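The values are calculated or read from the model by the stated rules, or taken from the named source; none is laboratory data. None of the values given here were measured: they were computed from a predicted structure. Glycine gets a Cβ as well: all are built from the backbone with ideal geometry, and neighbour counts include every protein chain shown.
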Amino acid sequence: MKLLIFVTLLTIFSSGLASAAIVAGQYFDRIVTVIFENQDYSKAIEDTYLKSLYKSSQGLLLTSYDAAKNYVAMIYGSTDGATDDGDFNLPGQNLVDLLEAKSITWKAYMENYSTSMRWFQGWFDSRKDDPKFNMNTLFFFVWDKAATSGSNKVAAVLYGIPVSPPPNKEDPTAYNHYSFLASVEQNWNLGNLGRNDATATPFNKYLVRPASVSASVTY
């Protein structure tokens, strides 16, 4: 289980958190996305730690998340012929261009992480209650694809202060990797890339902006 951690509005160093001006969004001011590799939905949702997150008062399990496309789709809005692990030079803008146009900072950490959920639990538990890390931050945990051939359904979880879940802590709305892109675009009014993100359903059904959060705070 490799991890890809994509962070907007937040830079994490081993020594702590770097200061960054916060660009307020409609629902959240920062988003931390953790992408796990290759696990079937039924197995992932039974993980004790993951379950403790989506069953919490600020957790939500997306029960109909399709991961037919991944990685490139999540920031480009299309795979545009990139169907394997080769090197591809895709034309046009991607999510990073939209973020930078609004002066929204971002960071990505890829590969060379531990392969266990235990490692992730230790990493996240040591940070998730720190206001410098969690203040109006949306955390999105998702698997890139299922382990079983032919299945595209994967576990996806929203967690954090902006999440106001229903009593059963589940959202059955049909989402996919383009929904991630649409959600970020809508949150900061970025416009869209004119690809599949333009028609994707954003996962904002159970997101709210807490009244107590100040849009002018700088960490």
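Quick look at the numbers
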| item | result |
| --- | --- |
| Positions within the stretch 101-127 being at pLDDT below 80, loosely packed, with under 13 Cβ neighbours inside 10 Å and either touching a His at 6+ places or on another chain (Cβ under 8 Å) or not acidic (D, E) (or both), in sequence order | M110, N112, T115 |
| Test: residue in the stretch 136-156 that is without any contact (Cβ under 8 Å) to a residue 60 or more places away in the chain and under 21 Å from F28 (Cβ atoms) | no |
| Hey, F133 modelled with pLDDT of 95 or more and either surrounded by 17 or more Cβ atoms within 10 Å (Cβ to Cβ) or part of a strand (DSSP E or B) (or both) or not | no |
| The stretch 34-50: number of residues that are of a type outside the set (S, T, Y), in contact with an Asp or Glu (Cβ under 9 Å, 6 or more places away or on another chain) and either exposed (fewer than 13 other Cβ atoms within 10 Å of the Cβ) or not in a loop (DSSP other than H, G, I, E, B) (or both) | 2 |
| Any hit, the stretch 169-183, residues being modelled with pLDDT of 95 or more, over 24 Å from W143 (Cβ atoms) and out of contact with any His (no Cβ under 6 Å at 6 or more places or on another chain) | no |
| Hey, P202 in a loop (DSSP other than H, G, I, E, B) and modelled with pLDDT of 95 or more or not | yes |
| Checking D85 against (1) free of Cβ contacts under 8 Å to residues at least 40 places away in the same chain; (2) crowded, with 16+ Cβ neighbours inside 10 Å, the condition it does not meet | (2) |
| Exclusive hit being modelled with pLDDT under 95 and closer than 19 Å to A182 by Cβ, set T11, T33, T83 | T33 |
